[in-house]
Each structure stands twice: as structure tokens, then as C-alpha cells.
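S.K.: Mind having a look at this structure? Questions to follow.
The values are calculated or read from the model by the stated rules, or taken from the named source; none is laboratory data. Here the structure is a predicted model, which means the values were calculated and not measured. Please note: Cβ atoms are built from the backbone with ideal geometry, for glycine as well, and neighbour counts cover all protein chains shown. These area figures cover heavy atoms from the full protein model, side chains too; ligands, DNA and RNA do not enter into them. Shrake-Rupley method; radii C 1.70, N 1.55, O 1.52, S 1.80 Å.
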Amino acid sequence: MAGRGSLNDTTLAPVLERAFKKGKPQAVAIEINSPGGSPVQSALIGARIRRLAEEHDVPVFAFVEDVAASGGYWLAAAADEIFADASSVVGSIGVISSGFGAHIFLARQGLERRVHTAGESKSMLDPFRPENEGDVARLKVLLNDIHANFIEHVTERRGTKLTSDEKLFTGEVWLARRAIGLGLIDGIGHLKPVLQERFGKKVRLRRYGVKKPFLSRFGLSMAEDALAAVEERAQFARFGL
């Protein structure tokens, strides 16, 4: 996520390190439930997963819960195999930039926006000024370049499993069964049954996760947590969840 409750490479690094190194595991399973977030953080986390998997020769399984879309799918693609529930939402291989325009509201309130810059693009996409066609054109170049990076990552990771469906990289999303047909995931299944099938009924699972800051456990960051929850709710709502 892009908000205060977001995961990033710095936060996840020690968690991933423990998962790959402690006790010499036969495999690492990653549970994913994310509608997206920062493309850079997604890339950093995904790259770390691949480095650790190759360094320790450990296979990686991704298990999608409600949704693995956009940055969430970027992380899933870092795994060697991806599984999901039949009703999981998968895909959204695209890039989005959104905001609001408040210049009409300000004008109606008799407020004037004053911005002074050195560099014509320094105030690009200022939400308090009318939208500028040149700004939009520059933004689209950035979005297209990030999209190309996303496509390259998915293509490299999924390889010949992918179909040539024209909607594959349009930002479209699918439920798990259709995602299998497109090559986006490998099967329908849940974490424990799949791992028991692969490694035996007596397989032992060790769980690792990000611990909440000490003070937040006592409700001392309630306002921040509440705002993060609203941001997260809005992101999931894009997928009808």
C-alpha cells in the first residue's frame, strides 16, 4: 500500500531473511493480500525474494488471498509457483496515478493560488491549478515506462506459461480459474493443503511476519492507524472487495 500502513523493503528485509535462513527450510511460502502499492517497493521486495531463493536454493510458493493485483501481483510473480482461492482476484498489470483538482473550488471561495518555480515542470500536476496538457503528457511517459518495467518483470518470471491474450497487460483483473488459463497463476489451492501435498502430511510450518510497533499495541497511534485503514479500504474497493 502507498499509505502509512504500507510494507516496504526495509520493513520486510529481516522477515524474509529469517524465513529463508532459519532452520534451512525446504521451501518458503508467501501469503499475499494486496491491491497494489509503490512500484519501486514492489520491485525491491520482489528482487530480494529472488536473491534469497537463488542464494539458498529454496523454492518459493505464493498464495493469494482476496487479491494480488498491481504491486500485489508483482510480488506474487517473484515466486516460482502461484496458487489462489477460486474467488481470488488476480492481475491488474498496469500503472495508475490519481488525484483531485481543486482549482474551481478555490476560485469560488475567492482564494488565489500563487506558485513560483525555477523550472517549467517543477509544479507539474499541481492539484490547485487547472490541468495542463503538457503535464499530462509528461505523466503518461512516466506511467508507460513503469508499465514497461512491470511487463518485463511478469514476462521474465512467468515465461512460456503466459498466453498471448491481448488483455493480459491492460490492467484487467480475473478470478483464479481464468487466471490459470492466462498463465498468471499455476493452480487453485490453499497454503497448508498444497504444502502437505508437496512435502508430506507432517510438514512443519514456521510463520514469520512484521511486528507492530510497541506503542501501537496500546492504541497510541489510533489516528494514524485509522487513516491507513481508510486508505487500504479504498484500494481494496477498486476490486469490489
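S.K.: Please report, ordered by residue number, the helices (runs of 4 or more DSSP H) entirely within region 133-241 with at least 1 residues that are crowded, with 16+ Cβ neighbours inside 10 Å and at pLDDT 95 or above.
M.R.: Helices (runs of 4 or more DSSP H) meeting the threshold: 133-158, 176-182, 191-199.
S.K.: Looking at region 29-57, which of its residues are aliphatic (A, V, I, L, M), over 22 Å from residue 235 (Cα atoms) and open to solvent by 10 Å² or more (accessible area, probe 1.4 Å)?
M.R.: 29, 47
S.K.: Quick one: would you say residue 32 is within 22 Å of residue 155 (Cβ to Cβ), without any contact (Cβ under 8 Å) to a residue 40 or more places away in the chain and in contact with a Leu (Cβ under 7 Å, 6 or more places away or on another chain)?
M.R.: The answer is no for residue 32.
S.K.: Still on this structure, I have one more. Check residue 172 against each of (1) under 30 Å from residue 82 (Cα atoms); (2) out of contact with any strand residue (DSSP E or B) (no Cβ under 8 Å at 6 or more places or on another chain); (3) not aliphatic (A, V, I, L, M) and name the one condition it does not meet.
M.R.: (2)
S.K.: Take the residues in region 20-57 that are assigned to a loop (DSSP other than H, G, I, E, B) and under 19 Å from residue 185 (Cα atoms), then tell me which one is farthest from the chain's Cα centre (by Cα).
M.R.: The extreme case among them is 27.
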